[in-house]
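What follows is a set of notes on a single structure, which appears directly below.
Laboratory data are not the source of any read-out in this text; all were calculated from the coordinates shown. Just so you know, these numbers come straight off a predicted model, no measurement behind them. Methodologically, a virtual Cβ is constructed for each residue, glycine included, from the backbone with ideal geometry; neighbour enumeration extends over all protein chains shown.
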Amino acid sequence: MGIPYVPVLGLAGSDVAARRSDFTIAPNPFNPEEKFVVAKAINPDVAIFHCAKADRAGNVLTRKKGNEMLLAQASRKVIVTAEEIVDKLSLDDAPGRFMPGVHVTAVVRAPFGAYPTEATGYYDEDEEQILEYVKASDSDEAFSRYLDKNVFAFDSHDAYLESRRLSPARVAAAL
Amino acid sequence: MTQIPECTMEELLAVLISREVKDFEMSACGALSFIPAAGMLLASHTHAPHAEIIIQGSKEYFPFVGGPDWHNMASRGQMDLFFIGAIEIDRHANFNLHVIGDRDHPDVLMPGLYGSGLLYYTVPRIIFFRTEHTRRFLVEKVQFISAAGSAPEGVPRRNREVKIITPRAILRRNEETRFLELESVHPGHTLKEVLDNTGFDLGVKGKVPETSPVTADELHVLRTAVKKHMIETETYPELARTRIMVD
């Protein structure tokens, strides 16, 4: 939207607001007797998110219920990873929500790009992996071991997927 | 004196909550809220057949597409009652849903979303529910203020009623002093027991009323129609099966 801030109804007096330098309390310009929490706009340099499909023009099909459009409109550059690249998407494609390519800087084919979380219509979340991730989040040391084991040990995303016995061909065969 | 029927703690809380739900109003609860969900559905099966009920995570009772939809609805003043389960509440009705220990070096860090801190301002009536009435829950000062019991000077707020329903008692915020006070003690519990298990001064002067006992009728509807309905609509079906007894 490009606006500098939004008023927020609530959070005044909380530690949530107190700990954030991008929240403050300001008078309502139309009624200076009232004050509201205002939150400074977040404008990321780059947004990266995963979706089901993308086409050659950068049109993408995102989750039905997500906030990807808001994220894309707030960010200077938008990189979308997709389960599949197809020839042409349109507003009528289902399921999912159509985002016109005008908002998108680049699309990247990345099957299992959401793994170990889910990609609706492609695969469910891997609960065991999520639990391992949560446990690893206990300390910097544990998380560093997690990254060594699951990220740095592999030359490529494909090699990682292969180690987890996941690959598009294998999954297609199983369906 | 009439016989007070025996019930589980979850049933007691659900019945007490049901009495707070008003017909023709919109009442709502967020995630992990089996007890308010059961209480609201009990109300809709008894005195509040026209109540609008919103249960996050339920297919049947969640009419929104995403989070912003229902916050915007509450912001416009269309939500009348909301239920929050906090980990700590203090006498100023500040609550903590975020952290145990120091925020920067936490013992336990909860998911603690912003939502309840918004709804605490925008919803006229807020009820806290908790399956314990202890000094670790009802504290002199919360370790982290997820949302404040009173607004800073000049900040408008729609909320005008706060209640806390525990297994031992009902607490209510005094809207003049802004302190939490004891409203009633449940049958089978004593004032001393409540005071001993509360970490702040409850402002008790004189006799404290007894909570109106759970009735056989309330329990009957909860254990039959409401239980069946929760299982059929997949609204916390496992908890409905195991925590609501057979009449």
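Taking +1 at the Cβ of each Lys and Arg and -1 at the Cβ of each Asp and Glu, which of A:Leu70, A:Val80, A:Phe154 sits farthest along the dipole of chain A towards its positive end, judged by Cα position relative to the Cα centre?
Checked the options; the winner is A:Leu70.
I need two numbers for chain B: Rg to one decimal and Dmax as a whole number, Cα atoms only, in Å.
When restricted to the Cα atoms of chain B, Rg and Dmax are 17.7, 54 Å.
List the aspartates and glutamates whose alpha-carbon lies under 14 Å from that of B:Lys141, not counting same-chain residues fewer than 8 positions away?
A:Asp15, B:Glu88, B:Asp90, B:Asp102, B:Asp201
Two-decimal Rg/Rh of the range B:117-247 from alpha-carbon positions, Kirkwood Rh?
On the way: Rg = 17.5 Å, Rh = 17.1 Å.
Radius of gyration over Kirkwood radius for the range B:117-247 works out to 1.02.
Report the residue, chosen from B:Thr235, B:Thr177, B:Thr134, that carries the largest GNM mean-square fluctuation when chain B is represented by alpha-carbon nodes joined by springs under 10 Å.
In the Gaussian network model the winner is B:Thr177.
Under 10 °C and 1.306 mPa s, how fast does the range B:72-164 diffuse according to Stokes-Einstein, given a Kirkwood radius computed over C-alpha pairs? Answer in µm²/s, whole number.
Reported coefficient: 116 µm²/s.
So what's the projected area for the range B:1-59, the Cα convex hull averaged over all directions, in nm²? Walk me through the intermediate numbers first.
Numbers: hull surface 18.5 nm².
If you wrap the Cα atoms of the range B:1-59 in a convex hull and average its projections, you get 4.6 nm².
For the range A:46-109, count all C-alpha to C-alpha pairs, find those more than 14 Å apart, and express that count as a whole percent of the total.
On the way: 921 of 2016 pairs.
Within the range A:46-109, distances greater than 14 Å cover 46 percent of Cα pairs.
Can you compute the helix-only [θ] at 222 nm over chain B? Use -39500 (n - 2.57) per DSSP H run of at least 4 residues, normalise by all residues, nearest 500 deg cm²/dmol.
Computed mean residue ellipticity for chain B: -7000 deg cm²/dmol.
What is the count of Lys pairs in chain A whose alpha carbons sit under 18 Å apart, if the two are 8 or more places apart or on different chains?
Lysine pairs satisfying the spacing and distance rule in chain A number 4.
Report the extension gain between A:Asn28 and A:Val86 in nm, rounded to one decimal, defined as 0.36 nm multiplied by the number of residues separating them, less their alpha carbon distance.
Details: separation 58, 0.36 × 58 = 20.88 nm, distance 4.83 nm.
Result: 16.1 nm gained on full extension.
If we restrict to alpha carbons, what Rg and Dmax does the range A:92-135 come to, in Å?
Looking at the range A:92-135, its Cα Rg and Dmax stand at 14.1, 42 Å.
Let me know the mean shielding of B:153-166 by other chains, meaning the per-residue number of their Cβ atoms within 10 Å of its Cβ.
Working: counts 3, 9, 10, 8, 4, 2, 1, 0, 0, 0, 0, 0, 0, 0.
Averaged over the peptide's residues, the number is 3.
With the calculation restricted to Cα positions, what are the radius of gyration and Dmax of the range A:1-109 in angstrom?
Using the Cα atoms of the range A:1-109, the pair Rg, Dmax is 18.1, 56 Å.
Rounded to the nearest whole Å³, what is the per residue volume of the convex hull around the Cα atoms of the protein assembly as shown? Mind showing how you got there, number by number?
Values: hull volume 78.0 nm³, N = 422.
Convex hull of Cα atoms, per residue: 185 Å³.
Identify the chymotrypsin sites (Phe, Trp or Tyr not before Pro) of the range A:1-58 meeting these criteria: DSSP loop state and at most 15 other C-beta atoms within 10 Å of the C-beta. Mind dumping the intermediate values first?
Numbers: sites: A:Tyr5, A:Phe23, A:Phe30, A:Phe36, A:Phe49; in loops: A:Phe30.
For chymotrypsin sites (Phe, Trp or Tyr not before Pro) across the range A:1-58 that sit outside H, G, I, E and B with at most 15 neighbouring Cβ atoms in 10 Å, the list reads A:Phe30.
In the range B:69-157, what GluC sites (Glu not before Pro) fall in a loop by DSSP, with at most 14 other Cβ atoms inside 10 Å? Don't skip to the end; give the middle numbers.
Working: sites: B:Glu88, B:Glu132, B:Glu140, B:Glu153; in loops: B:Glu132, B:Glu140, B:Glu153.
The qualifying sites are B:Glu132, B:Glu140, B:Glu153.
Please compute, for peptide A:1-13, the average count of beta-carbon atoms on other protein chains lying within 10 Å of each residue's beta-carbon. Working shown, then result.
Working: counts 0, 0, 0, 0, 0, 0, 0, 5, 14, 20, 10, 13, 14.
Average per residue, whole number: 6.
Just tell me how shielded B:87-96 is by partners: mean number of partner chain Cβ atoms within 10 Å of each residue's Cβ, no decimals.
On the way: counts 0, 0, 0, 0, 0, 1, 0, 3, 1, 2.
Counting Cβ atoms of other protein chains within 10 Å of each residue's Cβ and averaging gives 1.
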